[in-house]
Amino acid sequence: MRYAMAVDTKKCVGCSDCVVACQTENNVPIGYCRDWVVEVTDGTYPQLELELRSERCNHCDNSPCVRCCPTGASHYEKGGIVTVTHNKCIGCGACITSCPYDARYSHPDGYVDKCTFCIHRVEKGLMPACVAACPTKCMYFGDLDDPKSPVSEILKTRKYKTLIPEAGTNPQLFFLI
Amino acid sequence: MREEIIVSGRMNPNIDPYLHIWHWQIPLYLFLGGLAAGILFFAAYFVIRGKEKEYPTAVNLAPLIVPILLILGLFALFLDLKHKLFFWRLYTVIRLESPMSWGAWTLMIITPISFIWAALNIRQVFPRWDWKYKWLKDLEAFFVKYKVVLAWVTIFYAVILGVYTGILFSAFNARPLWNTSILGPLFLVSGMSTGAATIILFSRNHEERKSIARTDLLLIGIELFLIVHMFMGFLASTQVQIDSANLFLGGPFTAAFWMLVVAIGLILPAILESLELFKFRIPYYIPPILVIFGGIMLRFILAYAGQMSRWLY
């Protein structure tokens, strides 16, 4: 089993509903966020090209954060989801520094926090909060090992890219282009 | 023209607009750890070479401050932790993939070793020191007897500690400025140089001072060589590393790095130490103070600049 997510940059309108849905679902402390929307503008007026990306932890197959964690608090859960065990985390910041996507932050309670792919919902067969809330249905989530899952189906038909693959992280968050 | 902005307003404290999760505690610890490694290295080296008589400060006096340095360093590390009450989790596992894990275990070994060195030399400060209990006296006799073995173990762990202070940074490929294996040897040599400087500061023996100053001069030369190499490597590398080197080549850290680290911390003491060799009279404490200052600055500037360097996407 390998959970993954695909975000359609052509359908995303940058409304940030995914960000709010995540903050609400996961009780993210005020002033913090686990996902965010990046707007990339290319070219000079009037030849402009716009890309909108809803970004979050890439749940990398080769996660630098899991490698550098001195206590084993950062680890792979079932399906390759990268999570942090709060009472093992010492808050040293090594994983925050190691993440090329800056996807982690230090929770006001001390431990390190990040996107969990809403593992508590996924285990019940629900979609992650951001995916469920997206008004344009631009996000696809599922098991890559299952050829019938929404994410497998869409990756079969569309071109896609990952972020900073050259960092050697093997990210599992795909952007349809 | 390409513009990338986060439109959902991400402003995670210490992450945005650029990473600053490691504050003064980490570079201070790296300096103290490197200094401790340097002092222990010289003490052990002169014991192995059988030159305890020629280098009384290096072997007998300087190791006395190492436990204090390491404890201050460990305390700084503790202050850096955000989930402090769980610090003991470090010592429930050994994770070889994580430099911080084996660094923590190295400290667990080298701190007691530094206490042994300090205990063996305690009579330098308290001439009438008495260990009171027989088993402590036996223990002292044991370590005096096997001092050369102790020195070999010490030199091994001192080098690991010195290199580790650099590897802690260089293991992060997410921070291009740190992601160079030269950082390990650079921090080791810088730590040894500050260790030599501390020995010169403490020494009352002219011959010893002169000899250590000569060693220090060599170490400064190696350090300059490694810094030049580091920049050559960056500029011949990928765009992310070219950008990270530009933090020092016209970017916000240019003046601080070249003035405080290279000019005041390396070249100036090197010139002064060379002049001393040619019998110019220079107050002996000036070059070592500059070297120590440069060592602190090197770590602070690299720690802050490294966190600002990043991948582009």
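Screening B:TYR304 against (1) assigned to a loop (DSSP other than H, G, I, E, B); (2) touching a His at 6+ places or on another chain (Cβ under 9 Å) leaves a single unmet condition, (1).
Taken over region B:176-211, residues that are surrounded by fewer than 24 Cβ atoms within 10 Å (Cβ to Cβ) and more than 20 Å from B:ILE160 (Cα to Cα) amount to 11. One residue stands out in region A:100-109 among those that are crowded, with 24+ Cβ neighbours inside 10 Å and over 19 Å from B:PHE86 (Cβ atoms): the one that is farthest from the other protein chains (Cβ to nearest Cβ), namely A:ALA103. All of A:VAL112, A:VAL131 fail the test of being of a type in the set (A, V, I, L, M, F, W, C), within 14 Å of chain B (Cβ to nearest Cβ), surrounded by 21 or more Cβ atoms within 10 Å (Cβ to Cβ) and under 17 Å from the mean Cα position of the chain (by Cα), apart from A:VAL112. Residue count for region A:69-89 satisfying the condition of being more than 20 Å from B:ASN12 (Cα to Cα), assigned to a loop (DSSP other than H, G, I, E, B) and at the interface with chain B (Cβ under 8 Å from one of its Cβ atoms): 5. Counted as qualifying within region A:2-66 are the strands (runs of 3 or more DSSP E) with 2 or more residues that are at pLDDT below 95 and more than 30 Å from B:SER101 (Cβ to Cβ), namely A:36-44, A:47-55. Can you list the helices (runs of 4 or more DSSP H) found entirely within region B:121-208 that contain at least 2 residues being more than 14 Å from chain A (Cβ to nearest Cβ) and within 30 Å of B:ILE267 (Cβ to Cβ)? Counting at least 2 such residues, we get B:147-170, B:183-202. Any residue at all in region A:44-54 that's of a type in the set (S, T, N, Q), at the interface with another protein chain (Cβ under 9 Å from one of its Cβ atoms) and surrounded by fewer than 15 Cβ atoms within 10 Å (Cβ to Cβ)? Within region A:44-54, one or more residues are of a type in the set (S, T, N, Q), at the interface with another protein chain (Cβ under 9 Å from one of its Cβ atoms) and surrounded by fewer than 15 Cβ atoms within 10 Å (Cβ to Cβ). Only one entry in B:ALA158, B:ALA151, B:ALA118 is small (Gly, Ala, Ser) and surrounded by fewer than 20 Cβ atoms within 10 Å (Cβ to Cβ), namely B:ALA118.
Against the criterion of being buried (at least 22 other Cβ atoms within 10 Å of the Cβ) and more than 8 Å from chain B (Cβ to nearest Cβ), A:CYS92 does not qualify.
Tell me, please, whether a residue that is modelled with pLDDT of 95 or more, surrounded by fewer than 19 Cβ atoms within 10 Å (Cβ to Cβ) and within 17 Å of the chain's Cα centre (by Cα) can be found in region B:291-299. Checked region B:291-299: at least one residue is modelled with pLDDT of 95 or more, surrounded by fewer than 19 Cβ atoms within 10 Å (Cβ to Cβ) and within 17 Å of the chain's Cα centre (by Cα). Residues that are within 14 Å of chain A (Cβ to nearest Cβ) and over 26 Å from B:ILE296 (Cα atoms) occur at least once in region B:96-118.
The values are calculated or read from the model by the stated rules, or taken from the named source; none is laboratory data. Bear in mind the structure is a predicted one, so any value in this text is a computation, not a measurement. Cβ coordinates were reconstructed from backbone atoms using ideal geometry, including for glycine residues, and neighbour counts include every protein chain displayed.
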